[in-house]
1. Against the empirical 2.2 N^0.38 Å scaling, what ratio does the C-alpha Rg of region 120-177 come to?
2. Taking 8 Å as the Cα distance limit and 6 or more residues as the minimum spacing, I'd like the relative contact order of the chain as a percentage.
3. What's the exposure ranking of Arg359, Arg147, going from fewest to most Cβ atoms within 10 Å?
4. Please list, short to long, the whole-number percent of alpha-carbon pairs of region 196-238 in consecutive 10 angstrom bins beginning at zero.
5. Which far-off residues, 5 or more places away or on another chain, put their amide H under 5 Å from the one on Tyr123, with H placed in the peptide plane?
6. Compute the relative contact order of region 39-91 as a whole-number percentage, counting only Cα pairs closer than 8 Å that sit 6 or more residues apart in sequence.
7. Got a sec? Charge dipole of region 127-185, +1 on Cβ for Lys and Arg, -1 for Asp and Glu; which of Gln135, Val155, Ala168 is way out at the positive end?
8. Got a sec? How would Met292, Met286, Met329 order by Cβ neighbour count within 10 Å, fewest to most?
Amino acid sequence: MEPKNRSGRDNFAISGIFLSQLERQQPPSPSVIVIGGGISGIAAARALSNASFKVILLESRNRLGGRVHTDYSFGCPIDMGASWLHGVCNENPLAPFISGLGLRLYRTSGDNSVLYDHDLESYALFDMDGHQVPQQLVIKVGEIFERILKETEKVRDEHAEDMPLLQAISIVLDRNPQLRQEGLAYEVLQWYICRMEAWFAADVDTISLKSWDQEHVLSGGHGLMVQGYYPVIRALAKDLDIRLNHKVKKIIQCCNKVMITVEDGTNFVADAAIITVPLGVLKANMIEFDPMLPEWKVSAISDLGVGNENKIALHFNTVFWPNVEVLGMVAQTSYACGYFLNLHKATGHPVLVYMAAGRFAHDIEKLSDEEAVNFVMLQLKKMLPDAREPVQYLVSRWGTDPDFLGSYSCDLVGKPADLYERFRAPVDNLYFAGEAASVDHSGSVHGAYTSGIMAAEDCRRRLLLQHGISDLFQIVLREEMSEVMVPLQISRM
Ligand SMILES: Cc1cc2nc3c(=O)[nH]c(=O)nc-3n(C[C@H](O)[C@H](O)[C@H](O)COP(=O)(O)OP(=O)(O)OC[C@H]3O[C@@H](n4cnc5c(N)ncnc54)[C@H](O)[C@@H]3O)c2cc1C
């Protein structure tokens, strides 16, 4: 780090007129400011720091992790943001960290489950009257749902124009009346749609027919992080220069430098910046760019969708529910269906986590925490009339929290195919990373991580060239970790 200047701030923090300050600055080794302390920002900062760059990370909140948010107030780790490792395999770029830290995974599904991150083998579904749905019916409707989805591929092939997945499902059902379901089976079908909406954090009438099944899912199924995700963040962030409570308001690009202004007026100057704030924050123009971002970037930001997913975690002093992974409520519409993840099964802690996605997740945020808990407790009591009251609860608000404004990106109907590429492409010395910048794994922790590493690498190459420094350093993150690599610890194989 450079010596402190007279104001007591280090050389990144400079107030006054930008250009005159630049003249006085003696740029030593390349410097980079990373904006956002989620997994992508921390990965980028770690990689550049390992490559001996001067790096400062500015994070708006008083905590690191962003949408990786493990809460410990129940006396056990509860992930209110990401909780699954999608792709329990060594190809997952997070595998070396997870195994190296000795973190355990509880696998909730194998590859290609119709319920995405769950298998059908450990669930209990109930109707609105509290009767348990026979397992045979759930399995049968699951198979029918898969056939309906397969048939939508034909609809996609026939139509040049994109359409909402719901519309394609209606076309399939018109053509194949034998696939239509009635009564309880219809409600179970709505539950499958509800689960699909949870995966995309979006309603089925907004999910793109063209893109919904095009994502590249890693093999190995999906594993819950039994001890929570935060240990990964903590390990990656070790010894980095991180400034919490630094909300970035303005980014100026000038003369191969960037000047970044935070809420209290402090300015930071560096050779480049990596922007990892959530897509929702960029959409809402919470950060001013001078000069303005080019049209191709602005349209990528506005055309990418942001979904919403919320969790209501309930801590009980006793376990009164069946020993299944998922407790679900079927209903006449996917909106009215619901489900609880039973953390007791995976972690041994007496906690149920209710999940809400899409419009329903937005509506939950209109309620107070207490009202939201009362609402889900009503659902639970319909399923299990003897349900106890929770002793503690947590309610997430990803859609309205000004540091996120959504849970993760999603493909809207009829949008161009190159949006993720454009979102991630740099604008001179401004680099973009984060889950929405991951072309193959958007909406995931590992995708966000990889995008941070990629942005760091692009940035590193540019600055080395610019500074005339030979390319001595490699991004060594994965190699370093692989020295301590041990197999992933997975329960429920
Ligand atoms: C409810 C929920 C469940 C999820 N479940 C899973 C899952 O099971 N598995 C999975 O792989 N993924 C899951 N995800 C997605 C995953 O959490 C994200 O893809 C990933 O964590 C995003 O990381 P990121 O670095 O791109 O962004 P973030 O983690 O959002 O980091 C961005 C950071 O920027 C900060 N910031 C915002 N504005 C400013 C500003 N003006 N100045 C400075 N800093 C700012 C934010 O505070 C934040 O810390 C889930 C997400 C949610 C919300």
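1. Numbers: Rg = 14.8 Å, N = 58, 2.2 N^0.38 = 10.3 Å.
Compared with the compact-globule rule of thumb, region 120-177 sits at 1.44.
2. Working: 1007 pairs, mean separation 127.1, N = 493.
The normalised contact order for the chain reaches 26 percent.
3. Details: Arg359 15, Arg147 12.
With the fewest neighbours first, Arg359, Arg147 line up as Arg147, Arg359.
4. It works out to 20, 32, 31, 16, 1, in whole percents.
5. Glu325, Val326
6. Values: 32 pairs, mean separation 12.1, N = 53.
Contact order relative to length: 23 percent.
7. With unit charges placed on the Cβ atoms, the residue in question is Gln135.
8. Working: Met292 9, Met286 17, Met329 23.
The order, fewest Cβ neighbours first, is Met292, Met286, Met329.
No lab work stands behind these numbers, since they all come straight from the coordinates. Remember, it's a predicted structure, so these values are computed and weren't measured experimentally. All Cβ positions, glycine included, derive from the backbone under ideal geometry; neighbour counts span all protein chains shown.
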